[in-house]
Amino acid sequence: MDTLDSLSRSIAALGAASAARLFHVPSPLGGRTALSFDGKYLLVPAVEAAGGESLAILGPGGKELRATVKGFDSRIGLAALELEAPLPEAAWQVAEGLPALGSLLLAAAYPSPEGPELRLDLVRFVGGSGGEEYIQTDGASFPGFSGAALVAPDGKLAGFVASDRPGNRGWAIPAGRAAALASKIAERGFPGRAWLGISTVPIEAPAEYEALLGDGRKVALLVAGLEAEGPAAAAGILVGDLLVSVGGVATASPGELREALDAARPSQALALKLLRAGKVLSLEAMPGRAPAEEGRRGRARGHRGWSWGGCGGMPWGCGPGR
């Protein structure tokens, strides 16, 4: 009994400390939890967002606060808010590395104005590749747990629950990647996602490709399809080319290509390096805006108040073709 009582007290203390770092963002479709990594910006799941919009939110302890929409990434369904008055005491300390398979994490959420909710989860999967590692727990997909914190026993943040849609049960972004996304989204604002008009397939890398990258990787990215009048076709890319880099970023996997396009901007020249018939070619493309984003941007401008959910950075993504 003493052991059980001690465990219960430890979990309760961890829950209280975690609840003091949670934010609630209301929405007509149901609220979401938001987290901060620096006490200034908040990361929160969203489907649509209007740049510069001022929002009334709840901070730790139910304190009424205001925040401004600073950035939105429609591909991964995440937005960055800037607090009107920073709260450095609410910033999370990020855990190093990924949680161990089978370890226990505390899921801490602020799904409604009624207050925080807690749940004890077991890590059932940890993995991924190409810069898109993810965590899956055995926790149920409770409403409002999008944006929830996955907290390690030492109180550090292990993950950010990215989506509570059916089929995405228990999926979360590792805390280190979530922190980087918060900074990137806030910095980039609303530039729109760059689009090349290509489809790609990872294949076994030929010897000359491995030597060109110089990092020993065994996978290459083959251009499998082109939009007839897309930016890639206009730049001279052909089906069968192997992408080496986009904007100076090595692109040997779909995840790396997505990261490269996330860092690019529509209508700004983008350097491309590719391998064709054993020869290295350097081209320049003028990326457009992802076609499906035009509709999203229009709705965001006319929609006062947010719509929540989204793909939450999961490995399969949710946006249009690259």
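Taken together, the values in this text are just the output of simple stated rules run on the coordinates, not laboratory data. Values in this document were obtained by computation on a predicted structure and should not be read as measured data.
Some notes on this structure:
- Hydrodynamic radius by Kirkwood, which averages 1/r over all alpha carbon pairs of the range 194-289, in angstrom: 13.0 Å
- Put simply, the amide H of Val151, placed in the peptide plane, has neighbours under 5 Å in Leu106, Ala107, Ala108, Ala158, leaving out anything fewer than 5 places away on its chain.
- Residue-wise HN-Hα couplings along the range 177-189, as the Karplus relation 6.51 cos²θ - 1.76 cosθ + 1.60 with θ = phi - 60° gives them from phi, are 5, 4, 4, 5, 5, 4, 5, 5, 5, 5, 6, 7, x Hz; Gly and Pro carry x.
- Radius ratio Rg over Rh of the range 1-128, counting only Cα atoms, Kirkwood formula for Rh: 1.01
- Relative to its residue count, the range 63-131 spans a Cα convex hull of 158 Å³ per residue.
- Set Lys40/Lys273; Lys40/Lys218; Lys70/Lys156 screened for pairs whose C-alpha atoms are more than 32 Å apart: Lys40/Lys273; Lys40/Lys218
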